[in-house]
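Report on the structure given below.
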Amino acid sequence: MDKKDIRARFVKIIDGITKKYNITDKEVCQEIGIPNVNLSQMRAGKRNPTTEQIAALCMKYNYSLDYVITGTRQKAPKEPEPDLTQQQIAAELKRLAKVQEEILKLLQSTRKPSR
């Protein structure tokens, strides 16, 4: 999982949104607060989405951050499985902590340094 993958998923999600809602790229860009030229540059591989752009897309169109970043859709169970052991729960918590750490690192690496 790298910036190129995140960029490709971001653009693919926008393509899906335009088809699903029958709206233009420009309208999606306006909804999530990015210049349309930025999307064109992303399509050309010359620009990556910022943390803020990813967050805006997720919030506006109800996408999970983990899907945009990793490409996986993990649904949490509504209620914990009663047959899980304490050991299984601890192992799952460790796994989720690692995923969270990876996401935070990726988000930090996509931020532009302030001048």
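The values are calculated or read from the model by the stated rules, or taken from the named source; none is laboratory data. Everything numeric in this text was worked out from a predicted model, so none of it was measured. For neighbour counting, all protein chains shown are included, and Cβ atoms are generated from backbone atoms with ideal geometry for every residue, glycine included.
Need pairs with beta-carbon distance below 8 Å; first residue more than 20 Å from residue 100 (Cβ to Cβ) and among the small types (Gly, Ala, Ser) and within region 50-67, second outside any helix (DSSP H, G or I) and modelled with pLDDT of 90 or more; sequence gap 6+ or separate chains.
56/33; 56/34
Restricting to region 91-103, give me the number of residues that are free of Cβ contacts under 8 Å to residues at least 40 places away in the same chain and surrounded by 11 or more Cβ atoms within 10 Å (Cβ to Cβ). Steps first, answer last, please.
Step one: list which residues in region 91-103 are free of Cβ contacts under 8 Å to residues at least 40 places away in the same chain, which gives 91-101, 103.
Restricting the remaining residues to those that are surrounded by 11 or more Cβ atoms within 10 Å (Cβ to Cβ) gives 91-92, 96, 99-100, 103.
Going through region 91-103 one residue at a time, the tally reaches 6.
Give, as residue ranges, the helices (runs of 4 or more DSSP H) completely inside region 34-115 that count at least 2 residues that are at pLDDT below 85 and not charged (D, E, K, R).
Numbers: elements: 36-43, 51-61, 65-70, 86-110.
In region 34-115, the matching helices (runs of 4 or more DSSP H) lie at 86-110.
Suppose the filter is within 16 Å of the chain's Cα centre (by Cα) and under 14 Å from residue 107 (Cβ atoms); does residue 15 pass it?
Spelling it out, it is not the case that residue 15 is within 16 Å of the chain's Cα centre (by Cα) and under 14 Å from residue 107 (Cβ atoms).
If we scan region 25-48, do we find a residue that is within 17 Å of residue 102 (Cβ to Cβ) and either in contact (Cβ under 8 Å) with a residue 24 or more places away in the chain or buried (at least 16 other Cβ atoms within 10 Å of the Cβ) (or both)?
We begin by selecting, within region 25-48, every residue within 17 Å of residue 102 (Cβ to Cβ); these are 48.
In the following step, the residues that additionally are either in contact (Cβ under 8 Å) with a residue 24 or more places away in the chain or buried (at least 16 other Cβ atoms within 10 Å of the Cβ) (or both) were identified as 48.
Yes - at least one qualifying residue is present in region 25-48.
Please go through region 2-41 and give me each residue that is of a type in the set (A, V, I, L, M, F, W, C) and over 20 Å from residue 64 (Cβ atoms), ordered by number.
Result: 23, 29, 37, 39.
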